[in-house]
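First the structure, in the form of structure tokens, and then the observations on it.
The values are calculated or read from the model by the stated rules, or taken from the named source; none is laboratory data. Just so we're clear, the structure is a prediction, and the values are computed from it rather than from any experiment. Quick reminder, even Gly has a Cβ in these numbers, built from the backbone with ideal geometry, and neighbours come from all protein chains shown. With ligands, DNA and RNA removed, areas are computed over all heavy atoms of the protein, side chains included. Shrake-Rupley method; radii C 1.70, N 1.55, O 1.52, S 1.80 Å.
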Amino acid sequence: PNFACDMAEIGSGTSFSAPAVAGLAADLMQVHPSLRVFPESLKALILAGATDNIEGSPRLSEYDGAGGVNALTSYTSTVNNRYTWRNVFPSDFDVNRDITINLGWVNAGQRVKVALVWDSTPTSDYLTDPLKADLDLYVLGPNQFQGSASWDNSYEVVDFTATASGNFQIKVKNFRFDGFNEYVGVAWSLS
């Protein structure tokens, strides 16, 4: 029998992407049930694993956001505990307004994708969705400095290929922190 994919069934939009992302989220929660109560880490794992760049910039583009989901990459990051979740308070940032997370050893030529996610606080009528924090994301390694610093959303994504081998660090920068605390998830993929 012919098991080839019928190209007429390939589509686009939320009707096609929502089931894929929901299925991946369920799979990741099966691996680590704690992700059921840490949606920030779950979203960060999916963003960090979205390595299938469909068009435009691999970091963020108009058509595919942070990229098409790659279940194997997100699964590998989950199994290898390449994520963290924190309840962050203003006092958790150092004198440089950073929280440092050790990413670990990265080989030259390895693709690194890091995602930082925090919550927004929509009003009860959902007419506005104010952010109580503006956090930025930086990744530092040997001869390498990558960053993402937007102001209008509750996530940041960095995607690059390491030019040298060595230990890398993730820096979560407190650009603005208006609330009492923030739930923050950080995840990374190495491929």
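Key figures for this structure:
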| item | result |
| --- | --- |
| Kyte-Doolittle mean at least -0.5, axial Cα span of 24 Å or more - DSSP H helices of the chain | 14-31 |
| Among I46, I170, I101, residue whose mean-square fluctuation peaks in a GNM of the chain (springs only between Cα atoms under 10 Å) | I101 |
| Residues with amide H under 5 Å from that of T51, placed H, sequence gap 5 or more | N70 |
| Distance (nanometres) between label positions extended 7 Å along Cα→Cβ at W105 and H32 | 2.1 |
| Those lysines that a straight Cα-Cα span of less than 18 Å connects to K171, excepting residues fewer than 8 apart in one chain | K113 |
| All-pairs Cα distance distribution in region 82-191, expressed in whole percent, bin size 10 Å | 14, 46, 28, 10, 2 |
| Amide H partners (placed H, <5 Å) of A133, local residues excluded | D178 |
| Accessible heavy-atom area order of T76, T128, highest first, probe of 1.4 Å | T128, T76 |
| Estimated 222 nm signal from helices in the chain, with DSSP H stretches of n ≥ 4 weighted -39500 (n - 2.57), rounded to 500 | -6500 deg cm²/dmol |
| V88 long-range amide H proximity, modeled H, under 5 Å | E182, Y183, V184 |
| Over region 84-180, relative contact order from alpha-carbon pairs under 8 Å, at least 6 apart, % | 40 |
| For region 133-191: relative contact order, % (alpha-carbon pairs under 8 angstrom, 6 or more apart) | 43 |
| The chain, relative contact order [Cα under 8 Å, separation at least 6], % | 28 |
| Backbone HN-Hα couplings from phi across region 174-191 [Karplus 6.51/-1.76/1.60, Hz, Gly and Pro as x] | 8, 7, 8, 9, 9, x, 6, 7, 9, 8, 10, x, 10, 9, 8, 10, 10, 9 |
| Residue-normalised accessible area of the chain, given per residue in Å² at a 1.4 Å probe | 54 |
| Mean projection area, nm², convex hull over Cα of the chain | 13.3 |
| Estimated FRET transfer efficiency when R0 is 35 angstrom, pair S17-N143 (beta carbons, to 0.05) | 0.45 |
| Longest DSSP-loop-exposure-free segment, chymotrypsin sites (Phe, Trp or Tyr not before Pro), the chain, at most 10 other Cβ within 10 Å | 64-125 |
| Positive minus negative residues near A48 (Lys, Arg vs Asp, Glu; Cβ under 10 Å) | +2 |
